[in-house]
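Chemist: Okay, handing you the structure first.
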Amino acid sequence: MRWWWWIPLLLFAGFLGVAAYQLTQPKNDLVPSAMVGKPLPEFDLRAAAEGMPGASTADFHDGKPRLLNIWASWCLPCIAEAPQLDQLKQEGAEIVGIAIRDRPEDVAAFLARHGNPYTHVGADDLSQVQLAIGSSGVPETFVIDGEGVIRYQHIGDIRAEHVPILLEKLREAGE
Amino acid sequence: MIAELGLAALWLAAALAALQLYAGAMALRPGREGVAALVRPAAVIQGIACAFAFVMLLWVFAITDLSVKLVAANSHSAKPMIFKLAGAWGNHEGSMLLWVAVMALSGALIALVERRLPEKTMLATLAAQAFVGLGFYAFLIASSNPFERLPQPAIEGLGLNPLLQDIGLAFHPPTLYFGYVGLSVAFSFAVGAMLTRQVTPEFARVMRPWVLGAWVFLTLGITAGSYWAYYELGWGGWWFWDPVENASLMPWLAATALLHSASVLAARDALRAWTIMLGVVAFSMSMVGTFLVRSGILTSVHAFAVDPERGSFILVLLTLYIGGALALFALRASTVTEGQRFAVTSREGALVFNNVMLSAILGIVLLGTLYPLLTEAFDVRVSVGPPYFNPVGAIFVIPMLLVMTVGPLLRWRRDSLERIQRPMILVGMVMLGMLVAAFTLGEMGVLPLLGLTIAVGLAIASFLPLRGRRLTRVPLAVWGMVVAHFGLAVALFGMASEGAFSEERLAAVAVGGTAQVGPWEVTLSEVLPAAGPNWTAIEGHLLASYAGGDPIELDPQSRSFWAPPQETTESALATRWNGQLYAVVGSEAGAGRWQLRLWWKPFVTFIWYGGMLVALGGALALIGRVTDDLRRRAVRARIARRRGEEAV
C-alpha cells in the first residue's frame, strides 16, 4: 500500500473539518486589527467612476469622522451590504469608498443599480491601498476619526445588526 | 389522500433501497449468492415507487391542494399551469424528491438492461446506488417531507419566487439534476468496480454512456443558466463566478476529465486508478456544490432555502459517501494493477495532459469557491471574484486548448509530431493570422486577444480529424468529438469577443430622446404601465436601429411582483447574427427622464450557441456509443443462438 493514495481522503477530511466547524460556529463580530489606532497610510486615488471625486488621505483630516468602505462591483457580499450602507448614510454617516480592481463602467453600473452611499470613490487597481490599510478582502469597512486615525475595522459584509455598532463606533471616534 | 399515497410510495421506495443494499452487500460474500436474485427486482420496483411519489407531488401542485404545506408555501391558484407544475421542483423538498426519483429510475434501468459486467460487480454497483439513495430518502423523510399537511388548509398560496417564474428557469434545475444523477451512477460503478477489483475496459464502456449523458445535461444546464443570468439579472454579464455557478461548473470539469480518461481506459486499458478517482470526484463535486449552496455558508445571489440543519444533514451524507469512497480508493487503488504503457507523444499522452489541466482548473475553481470558507474560520470574510478566476484559470486553460488542437490527430500508443507536421503548421498559421488581425481591430486585453486567436485556430483544428476520411464512414462518436470541440471554439470566440468589443451606455433619456451605443441608435418612444397575472410593471418602448437601418421595437420592463413582493428587471434583446443589443429600463430619473442602460455585445450569442454545439456533440457521441453497444449485443445474441442450434 502506498501512502499517497490517502491524500485525497486527507484533503477531503480537511474540507469536512472546516465545513463542520463553520456550521457550528457562532459568528464572532468583533475582531481586533493590527491597524486599529494607527494613522491611515498615504494615498491619492483617481476617481473610480465618472462624476465622482476620487479618494485621498487628505479627505480624512477635516475633524469629521468617516467610514471607509473597501468594495468592488464584482463582489457579491457587497451587493448584500448595499442597503445597510444606504441606511448608514441616512443616519448621517459620511462614507468614502475604495473600489478594488474594478472598471469605471462596472462601478457606475453597480452604483446605478444598488444605490450610491459614497461621497468619494477611489480606484485601487492593484490593491496597494487595500493592503496598506490592512484589509485582505472585500468588503471591509473602517471607522476613521477626524485626524485620519483608524479607529475600528469591520471585516465582511455589513449586516443589519452591524449598523448600530458602526454608528456607535463612529460616534466614539468623534468624541 | 393523494399526498398520503405519495408519502407511502416514498417509504416503500426507501424500504426497497434498504433491501437492495442489504441483499447486494450480502451477495458479495462467498456462499451467500442466494440473496443476489433479490437485488435487480428491488431496484426496479424502487424506481417505480419513487417515480410514482414524484407524480403524486406533481398532482397536488396541479390541483393546488393548499392543505399541503409545500403547495401553500410555493404555489398560488392564480399561477399559469406550467408554473404550478414547475413549482413542484422549484423548492428544496420537491427538488430533492425529483433528484431521488431520477436516481431510482436510473438504478432501475441499469438493473433491467446492463449485463456486460461480471455479476458481482453489478451487485456491488447496485448496492452502492442503493446506499447513496438511502441517504437521500432519509433526508427527505426525516427533515424535508414534501407531502407534509398543514393543520388548517391555507386560504391562498404564497406564490413562487418571481425570478423562478420563467420558462427557461423552470427547466434549468432539473437539467442539472439529471447531470448530477448520471454522475451518481458513474460513482456507483466506480465503487462497484473497486469492491470487486474489476477495473477493465469493459467497465469503462459500461460507465461511459452515463458519464456522456450526465455531461450533456450539465453542459445544457450550465449554458442555460448562464443565459438566464444574462437576461434575467439585468447586469449584462454572462458569468459571475458565483458559488452557485461554480457548483455547477466543478462537476462539469470533473465529468469532462472523466469522459476523456474513460475513453483511454475503454480503448487502451490504461489510466485505471485515475478513471476510478475521477468517477468518485465527479459525483463528489456535485455533492459538495449542493452542500455549499444549500447550507448557506457561502453568500450567493441565488436565493435558496438556506437551513443550517439541512446543511448538517448533507454534510453527514458527504462524509459517508465521499469519505467512504475515498477510503475505499486508498485501500484498493494499489491493488488495481497498472494498465498498458504509452509514449508521451500519443493520443493517450494528449488526453493525460488534458486531464491534468482540467484537474488543475477544477482545483483552482474549488479553491476560489472554498477560500472564503477557509478564511472565515480565521474570522476573515472575503469574496473571490474574476480578478482571481480569470487570469489564474487562463494559465491552465490556454495550454489545454493548444494541446486540444493537435491531440485528436495523434495515434494511440506511440506517434511522432513529424507525422502531423502539416496540420500543425496550418493551425499555427491560422492563429498567427488571427493574432495579427486582432491587433489591427483595436486595443483589447491580453485574455480576449489570446481567446480570439485560439478560438479561430481551434475551430479549424477541430475538423482536421476528418481529413482524408470518407465522411459517410466516420463513426458517430468521432463526429461527436468534432462537433463538441468546434462548439468549444465557438463559445470561446463569443466570450473573447464579448470581453474585447462590448460597449455600454448608461443614460437618462426623456420620452422622444435618443441614446447611442456602438452602431445602434435607440429612441425612447414611450413609457407605459403594464400588468400580468401577479405583477405590474413599467414598460419602456424603444425603437432601435442598427447603422441607420429599419428600427426594431424593444420593450424592456421593470417588474414588481406582489406575491411575494419583489422587483425584477426584464431586459429586452435585439439579436443580430453579429451580436446583441441589450436594453434595461430602470427607475425614473426626474424631470420626465428614465434611466436606460444599453449594451452592444458583438458575437455574444456565440457563447450559448457554442454551449449547445458542445452538448450536441456529446449527444451524438452518446447515440453512437449506445447504438454500437446494441449492435454488439445483437451480434452476441445471434452467436449464442447459433451455438445453441448447433448443440441441438
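The values are calculated or read from the model by the stated rules, or taken from the named source; none is laboratory data. This one's a predicted model, so the numbers in the text were calculated from it and none came from an experiment. Neighbour counts are summed over all protein chains in view; Cβ atoms, including those assigned to glycine, are modelled from backbone coordinates with ideal geometry.
Chemist: Considering only residues of region A:16-41 that are at the interface with chain B (Cβ under 7 Å from one of its Cβ atoms) and more than 26 Å from A:Ile133 (Cβ to Cβ), which is modelled with the highest pLDDT? So that I can check it myself, show each step before the final result.
Modeler: First pass over region A:16-41, keeping only residues at the interface with chain B (Cβ under 7 Å from one of its Cβ atoms): A:16, A:18-23, A:28, A:31.
From what's left, more than 26 Å from A:Ile133 (Cβ to Cβ): A:16, A:18-23.
Values: A:Leu16: 86, A:Val18: 83, A:Ala19: 82, A:Ala20: 82, A:Tyr21: 80, A:Gln22: 75, A:Leu23: 74.
Going through the qualifying residues, I end up with A:Leu16.
Chemist: One residue is enough: does region B:323-335 have a residue meeting the conditions more than 14 Å from chain A (Cβ to nearest Cβ) and more than 29 Å from the chain's Cα centre (by Cα)?
Modeler: Looking for residues that are more than 14 Å from chain A (Cβ to nearest Cβ) and more than 29 Å from the chain's Cα centre (by Cα), one finds none in region B:323-335, hence no.
Chemist: Next up: How many residues, within region B:74-88, are farther than 13 Å from B:Ala3 by Cβ and buried (at least 19 other Cβ atoms within 10 Å of the Cβ)?
Modeler: 8
Chemist: Output yes when any residue across region B:367-387 is closer than 30 Å to B:Gln198 by Cα and buried (at least 16 other Cβ atoms within 10 Å of the Cβ), and no when none is. Can you show your working first?
Modeler: First, pick out the residues of region B:367-387 that are closer than 30 Å to B:Gln198 by Cα: none.
No, region B:367-387 contains no residue that is closer than 30 Å to B:Gln198 by Cα and buried (at least 16 other Cβ atoms within 10 Å of the Cβ).
Chemist: Using the structure shown, decide if B:Arg294 is at pLDDT below 75, touching a Phe, Trp or Tyr at 6+ places or on another chain (Cβ under 9 Å) and away from chain A (no Cβ under 11 Å).
Modeler: yes
Chemist: Just give me the residues in region B:37-90 being under 30 Å from B:Leu126 (Cβ atoms) and assigned to a loop (DSSP other than H, G, I, E, B), in sequence order.
Modeler: B:Ala88, B:Trp89
Chemist: If you check B:Gly540 against the conditions, is it part of a loop (DSSP other than H, G, I, E, B) and either free of Cβ contacts under 8 Å to residues at least 60 places away in the same chain or of a type in the set (Ser, Thr, Tyr) (or both)? Please lay out each step first, then the result.
Modeler: Values: part of a loop (DSSP other than H, G, I, E, B): no; either free of Cβ contacts under 8 Å to residues at least 60 places away in the same chain or of a type in the set (Ser, Thr, Tyr) (or both): yes.
Against the criterion (part of a loop (DSSP other than H, G, I, E, B) and either free of Cβ contacts under 8 Å to residues at least 60 places away in the same chain or of a type in the set (Ser, Thr, Tyr) (or both)), B:Gly540 does not qualify.
Chemist: Looking only at region A:53-74, which residues are part of a loop (DSSP other than H, G, I, E, B), of a type in the set (A, V, I, L, M, F, W, C) and modelled with pLDDT of 85 or more?
Modeler: Of region A:53-74, the ones part of a loop (DSSP other than H, G, I, E, B) are A:53-54, A:61-65, A:72-74.
Right, trim to of a type in the set (A, V, I, L, M, F, W, C) and you get A:72, A:74.
A:Ala72 - this is the single residue of region A:53-74 that is part of a loop (DSSP other than H, G, I, E, B), of a type in the set (A, V, I, L, M, F, W, C) and modelled with pLDDT of 85 or more.
Chemist: Moving on. Looking for something of a type in the set (S, T, N, Q), buried (at least 19 other Cβ atoms within 10 Å of the Cβ), more than 30 Å from B:Phe83 (Cβ to Cβ) and touching a residue at least 40 places away in the same chain (Cβ under 8 Å) - is there at least one such residue anywhere in region B:494-504?
Modeler: Taking every residue of region B:494-504 in turn, at least one turns out to be of a type in the set (S, T, N, Q), buried (at least 19 other Cβ atoms within 10 Å of the Cβ), more than 30 Å from B:Phe83 (Cβ to Cβ) and touching a residue at least 40 places away in the same chain (Cβ under 8 Å).
Chemist: Can you pull out every residue in region A:142-159 that is within 14 Å of chain B (Cβ to nearest Cβ) and not charged (D, E, K, R)?
Modeler: A:Gln153, A:His154, A:Ile155, A:Gly156, A:Ile158
Chemist: May I pose another question? Looking at region A:79-98, which of the residues that are touching a residue at least 40 places away in the same chain (Cβ under 8 Å) and touching a Leu at 6+ places or on another chain (Cβ under 9 Å) is surrounded by the fewest Cβ atoms within 10 Å (Cβ to Cβ)? First the steps, then the outcome.
Modeler: Of the residues in region A:79-98, the ones touching a residue at least 40 places away in the same chain (Cβ under 8 Å) are A:80-81, A:84-85, A:87-88, A:91, A:93, A:96-98.
Retained after the next criterion (residues that are touching a Leu at 6+ places or on another chain (Cβ under 9 Å)): A:84-85, A:88, A:91, A:93, A:96-98.
Numbers: A:Gln84: 19, A:Leu85: 27, A:Leu88: 23, A:Glu91: 12, A:Ala93: 19, A:Val96: 22, A:Gly97: 28, A:Ile98: 29.
Per the stated criteria, the residue is A:Glu91.
Chemist: Sort through A:Ala123, A:Ala132, A:Ala108 and tell me the only one that's touching a residue at least 40 places away in the same chain (Cβ under 8 Å), aliphatic (A, V, I, L, M) and surrounded by fewer than 19 Cβ atoms within 10 Å (Cβ to Cβ).
Modeler: A:Ala132
Chemist: Considering each residue of region A:91-113, count those that are in a loop (DSSP other than H, G, I, E, B) and farther than 21 Å from B:Gln595 by Cβ, and give that number.
Modeler: Summing the residues that are in a loop (DSSP other than H, G, I, E, B) and farther than 21 Å from B:Gln595 by Cβ in region A:91-113 gives 5.
Chemist: Are any residues in region B:605-648 aliphatic (A, V, I, L, M), modelled with pLDDT of 90 or more and either more than 18 Å from B:Met481 (Cβ to Cβ) or not in a helix (DSSP H, G or I) (or both), and if so, which ones?
Modeler: Within region B:605-648, just B:Ile607 meets the criteria.
Chemist: I need the full set of residues from region B:224-244 which are within 13 Å of chain A (Cβ to nearest Cβ), surrounded by fewer than 23 Cβ atoms within 10 Å (Cβ to Cβ) and part of a helix (DSSP H, G or I), in order please.
Modeler: B:Ala229, B:Val244
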